[in-house]
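We did not get these values from a lab; they are worked out from the coordinates using the rules stated. Remember, it's a predicted structure, so these values are computed and weren't measured experimentally. Cβ sites come from the backbone with ideal geometry, for glycine too, and all protein chains shown count toward neighbours.
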Amino acid sequence: SAEMASTSVEEFHTVLSSSTRIMALCGAGLSAASGLETFRGAGGMWRNYQATALATPEAFERDPGLVWLFYSMRRHKALQAKPNMGHYALAELSRKMPEGFITLTQNVDGLSQRANHPRPQLKLLHDSIFDIKCFDCDYREMNNFDDPYHPSLANHTPEEVNDRLVNTVTARAALLDPATPPAIPRSELPHCPSCKDGLLRPGVVWFGESLPEETLEEADDWVNSGPIDLCLVIGTTATVYPAASYVDIARSRGARIVVINMDREELGSAKNLRDGDFLFEGDASKILPEILK
Ligand code: BJW
Ligand code: ZN
C-alpha cells in the first residue's frame, strides 16, 4: 500500500546517489504544468468527453474528419506549450547518466524533445503527434510542425471542435450512427502522396495498434541489460498496456518504484507500493527538479 512508501526527499537523494541504472515511465501528467490536458485523473482533460474514444482506428474509419479535428487541436496546443522544469530535469539526468538512464514516454506532445532530452535515451512508446502516416500504406512523414497540418483543418476554433466532440462523443451520435454527416468531407481531408487513395492520419499509436517495434526493442534491450535501481513513474495512471508493464518489469529487475503524481487516488500500479519505494504527491514540474537535483 502507499503507506509503506517513503515520502522523504532526503532519503531519496541517498538512494539516487548510489543508483547506476534508472528508468522513467512518463505520462500526460508530466506535461500538465505546460498546459496540456491529461486523459484521466487529476486535471483530466477532455472532462467533457471521452478522449480515448477518438484514439482508435475504428473512430477514424467512421469519421476521420472528427478525429483529425481532435488531433489538429492538440497539435496546436502542443506547439503553443513550452516544456516545463520536469521535462528539463529528466533531460539533465539523461545527460549526467548517458548509459544509466532511459526515459520511456507515452506522451506524443514533443515536449521532452524540445527540452533537449538526449534522443537515444528517449523512447516514444506512442510515437508523436507530429508524425503523419497513411491509414492504408507504409507512407510516413516525421516531424511535421505545420499548424494546421492541412487546409481542411483550418478555420475550426477550439470552441467549435470542443462542441462537436462533446455532441458527438458524449451523445455517441457520429461515432455510432452511420447516417451522421462527417465533420469534414473525406475528399477534403489530406490524402496519401504514395498510394493516393489512403487518408493521412496522425502517426500516434491508437488502441488495438502495436507499439513501434524498433522502439520496443530498444526499450527492452535497455531494460534487459542489467538490474534496475529505480523506476520513476511520472504523471501516468499506468493503466494502458504494454507501457504500464514496464513498471512490473522494472520491479522484477529489483527496482524501487518512485511514484510522482498529483493525485494519490490515481496511482494505478503504484497501489502495490512497498517498503523501499517512494511516493511524491504533487506537480511533476515542481517535484522532479527537487528530487533529481
Ligand atoms: C499529474 C499532474 C501533474 C495530473 N503532475 N501528475 C493488457 C491488459 C489489458 C489490456 C491490454 C493489454 N495489452 C493491450 C491491451 C489493450 C490496450 C490497453 O492497454 N487497454 C487498457 C485501457 C486496459 N492497449 C493497446 O491497445 C495498445 N496496443 C497494444 O497492446 O497492441 C498489441 C495488441 C493489439 C490488439 C489487442 C491486444 C494487443 C496501444 C495503446 C495505445 C494508447 N494510446 C493512447 C492515445 C495516443 C495518442 C493520443 O495521445 O491521442 O495513449 S490512449 C492514452 O492513454 C494515450 C496515453 O499515452 C495513454 C496513457 O495515459 P497517461 O499518460 O497515463 O495519462 P492519464 O491521463 O491516464 O494519467 C495522467 C496522470 O497524471 C494521472 O494519474 C494524474 O493524476 C496525473 N497528473 N497532473 C503529476 N501536474
Ligand atoms: Zn498510402
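Extension gain, Glu213-Asn155: 0.36 nm per intervening residue step, less the Cα-Cα distance, totals 17.2 nm. The tail of the calculated P(r) for region 81-165, taken as Cα-Cα distances beyond 22 Å, holds 42 percent of the pairs.
Each of Phe280, Phe12 was scored by other Cβ atoms within 10 Å of its Cβ. Listed from fewest to most, they are Phe12, Phe280. Computed from point charges on the beta carbon alone (+1 for Lys and Arg, -1 for Asp and Glu), the dipole magnitude for the chain about its Cα centre is near 380 Debye. For the chain, the relative contact order works out to 30 percent when only alpha carbon pairs closer than 8 Å and six or more residues apart are counted.
Every helix of 4 or more DSSP H residues in the chain counts as -39500 (n - 2.57), and over all residues that averages to -8500 deg cm²/dmol at 222 nm. Within the chain, the longest segment free of exposed loop sites, counting GluC sites (Glu not before Pro) that fall outside DSSP classes H, G, I, E and B and have at most 13 other Cβ atoms within 10 Å, spans 100-208. When both bridge partners sit in the chain, DSSP labels roughly 25% of those beta bridges antiparallel. Spatial offset of region 179-241 relative to region 68-123 amounts to 15 Å, using the alpha carbon center of each.
Jot down the per residue volume, in cubic angstrom and as a whole number, of the convex hull over the alpha-carbon atoms of region 188-256.
Expressed per residue, the convex hull around the Cα atoms of region 188-256 is 124 Å³.
Dividing the Cα radius of gyration of the chain by 2.2 N^0.38 Å, with N the residue count, gives 1.03.
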